[in-house]
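Here is the structure we will look at.
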Amino acid sequence: MYSFLQNNQNYGKRMLSKRFSRQLKLPPLLLPLFIVVLSLVSVSTVFANEIGKEERPFNHSITSISLATNSACPDGEFKINFEFTGTSSVTFTAQLSSSSSFTTSTPIGSVTTNASPAFINAKINSATSPGDYYIRVVVGHGTGSVSEVKTFKVNALATFYEDADGDGFGNSAVTTTSCGTTPPSGFVSNSGDCADNDATLNPATVWYLDADGDNYHAGTATGCESPGAGYVRSV
């Protein structure tokens, strides 16, 4: 930048000495100030041209978009497939918003390509709150084509409990978190087991009242613990 300004100052001096010195009749003290102003105008013109290039609309049009899934949890990853017209290489950005008008949005992935079809590896931010959202793909910084809007759901992370004995009831002391409502293998959604090493003892265990021990019961109760004297677990 320093050499650029120097070159422009030298240019200004030459121009002033050859063409403008006599016409302008500037006092000697004002000549350096005029040269600085001329240099700043040149720099501003260069910057304006470069910014203009970035802000010009891209000659691309997004023709279709599809999501590999319609829901994910925070930190969840998925693909967004899309097709477009246009041959030059540009950046496509996927946006997530709680509003279908995208008054505010969060970028969730991008890709730079000139080949259609293409895809974006999207990821939901870990701080995203569960709820209903919208997704779209835009060209560049939003100055170009915008895709159709797709609905999307961000699920809450669920807690599941280990079911070591396979009786359908989990151990509250051993947990894991997972996305969606389907528990991982070996885990269940409830934490009510009273003995996770004994599949016959859980909140659904049936106790039979057989006070005289004749293997005929006079009543039943369910639960982890015996209701009292005379109750057995089988007759």
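I need every pair where a residue in the stretch 159-177 that is touching a residue at least 12 places away in the same chain (Cβ under 8 Å) and farther than 19 Å from ALA204 by Cα has its Cβ under 8 Å from the Cβ of a residue that is charged (D, E, K, R) and open to solvent by 50 Å² or more (accessible area, probe 1.4 Å), sequence separation at least 6 or different chains.
VAL174/GLU162; THR175/GLU162; THR176/GLU162
Of everything in the stretch 204-235, what is of a type in the set (S, T, N, Q), open to solvent by 90 Å² or more (accessible area, probe 1.4 Å) and on the phi < 0 side of the Ramachandran plot? Give them in sequence order.
Correct list: THR222 only.
Determine, yes or no, whether THR128 is closer than 30 Å to ALA94 by Cα and open to solvent by less than 30 Å² (accessible area, probe 1.4 Å).
Criteria met by THR128.
Mind counting the residues in the stretch 113-138 that are within 18 Å of the chain's Cα centre (by Cα) and part of a strand (DSSP E or B)?
Residues that pass the stated criteria total 13.
Output the residue which, of all residues in the stretch 131-145 that are surrounded by fewer than 16 Cβ atoms within 10 Å (Cβ to Cβ) and of a type outside the set (Gly, Ala, Ser), is modelled with the highest pLDDT.
ASP132
Report yes if some residue within the stretch 164-177 is part of a loop (DSSP other than H, G, I, E, B), open to solvent by 60 Å² or more (accessible area, probe 1.4 Å), more than 26 Å from GLU225 (Cβ to Cβ) and not small (Gly, Ala, Ser); otherwise report no.
no
The values are calculated or read from the model by the stated rules, or taken from the named source; none is laboratory data. The model shown is predicted, which means the values in this text are computed figures rather than measured ones. For neighbour counting, all protein chains shown are included, and Cβ atoms are generated from backbone atoms with ideal geometry for every residue, glycine included. Just so you know, the surface numbers come from the protein's heavy atoms only, side chains and all, with ligands and any DNA or RNA stripped out. Shrake-Rupley method; radii C 1.70, N 1.55, O 1.52, S 1.80 Å.
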